[in-house]
Amino acid sequence: MIDLYTWSTPNGWKASATLEELNLDYEVKPIDINTGIQKKAPFTAINPNGRIPAIIDHSADDLTIFESGAIMIYLAEKTGQLLPTDVKGRFNVLQWLMFQVGGLGPMQGQSNVFFRYMDEQIPTAISRYQNETRRLYSVLDKQLNDNEFLAGDYSIADIANWSWARIHNWAGVNIDEFENLQRWLDQLESRPALKRGAAVPDKTNYNSTNTAPNAAKSIKNILAR
């Protein structure tokens, strides 16, 4: 059994969707980041950085792993699925996973903050992060022009990038110009395992303009995702 400490955010979905795709048994331990509980003990004993998600694999001597990308790699290697074992295939997947971890996630995350949550609107910051997010979408779109998935077969790279790109509206970024990206998103959204993963620990529709998970959230809590 695996304990999953998580909340309804893109990084949280990366872990829960991977667990669902791999059909692994897990128990959800909700960490409501709006309360700041992720910054306090006992959770910081699991992740000293005070962020979700994190897992404890009780079948592997209570192995604890934090950082969503590391969790995805571990789960893929544990099951022998969603990550090739040959060097070329493996690093093709890992480079697109790192594209999300080091690029799309941070840039879109900042776009979310400056577009949605700052008390003071700073147009230059909003433009900077939205434009960079849009540029990264264009990279995904180009890769998907001749490929059904990002790195050969369906993999953790697809799950990671889908988890963020699926809420492009929340960052104020339109993707009408990216037909390949739209096709890929629609394809992934139809996967039952990803639907289940995106509902952990509860289903939040960030793409609805009428949805505000909590308008009073502090910047500190938003960044804690």
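The values are calculated or read from the model by the stated rules, or taken from the named source; none is laboratory data. Quantities reported herein were computed from a predicted structural model and do not represent experimental measurements. Glycine gets a Cβ as well: all are built from the backbone with ideal geometry, and neighbour counts include every protein chain shown.
With the structure loaded, tell me whether Arg134 is part of a helix (DSSP H, G or I) and touching a Pro at 6+ places or on another chain (Cβ under 6 Å) or whether it fails that test.
So Arg134 fails the test.
Pick out, from segment 1-118, the strands (runs of 3 or more DSSP E) lying fully within it that include 1 or more residues that are in contact with a Leu (Cβ under 7 Å, 6 or more places away or on another chain).
The qualifying strands (runs of 3 or more DSSP E) are 2-6, 26-30, 54-57.
Asp86 passes all but one of (1) farther than 25 Å from His58 by Cβ; (2) touching a strand residue (DSSP E or B) at 6+ places or on another chain (Cβ under 7 Å); which number fails?
If we test Asp86 against (1) farther than 25 Å from His58 by Cβ; (2) touching a strand residue (DSSP E or B) at 6+ places or on another chain (Cβ under 7 Å), just (2) comes out false.
Might you check whether a residue that is under 21 Å from Ala198 (Cα atoms) and surrounded by 23 or more Cβ atoms within 10 Å (Cβ to Cβ) occurs anywhere in segment 88-95?
no
Quick one: Thr124 ticks every box in (1) part of a helix (DSSP H, G or I); (2) surrounded by 14 or more Cβ atoms within 10 Å (Cβ to Cβ) except a single one, so which number is it?
Failed condition: (2).
Return the residue satisfying two criteria in turn: it lies in segment 155-195 and is under 16 Å from the mean Cα position of the chain (by Cα) and hydroxyl-bearing (Ser, Thr, Tyr), and of such residues it is surrounded by the most Cβ atoms within 10 Å (Cβ to Cβ).
Residue satisfying both the conditions and the ranking: Ser163.
Within segment 14-38, which residues are touching a Pro at 6+ places or on another chain (Cβ under 9 Å) and closer than 11 Å to Ser68 by Cβ?
Lys14, Ala15, Ser16 - these are the residues of segment 14-38 that are touching a Pro at 6+ places or on another chain (Cβ under 9 Å) and closer than 11 Å to Ser68 by Cβ.
Name the residue that is surrounded by the most Cβ atoms within 10 Å (Cβ to Cβ), counting only residues in segment 99-121 that are among the polar types (S, T, N, Q) and under 10 Å from Ala171 (Cβ atoms).
Per the criteria, the residue is Gln108.
Out of Ser68, Ser59, which single residue is among the polar types (S, T, N, Q), more than 17 Å from Asp202 (Cα to Cα) and surrounded by 22 or more Cβ atoms within 10 Å (Cβ to Cβ)?
Ser68
Kindly provide the set of residues from segment 22-34 that are touching a residue at least 60 places away in the same chain (Cβ under 8 Å) and more than 17 Å from Asp57 (Cα to Cα), ordered by number.
Ile33, Asn34
Look at Asn11 and say whether it is out of contact with any strand residue (DSSP E or B) (no Cβ under 7 Å at 6 or more places or on another chain) and surrounded by fewer than 21 Cβ atoms within 10 Å (Cβ to Cβ).
So Asn11 fails the test.
Among Asp186, Asp146, which is the only one that is assigned to a loop (DSSP other than H, G, I, E, B), farther than 25 Å from Gly36 by Cα, assigned by TED's automatic domain parsing to the domain that holds Leu94 and at pLDDT 95 or above?
Asp146
From the list Val101, Val113, Val139, Val93, which one is closer than 19 Å to Glu21 by Cα and under 19 Å from the mean Cα position of the chain (by Cα)?
Just one listed residue meets the conditions, Val93.
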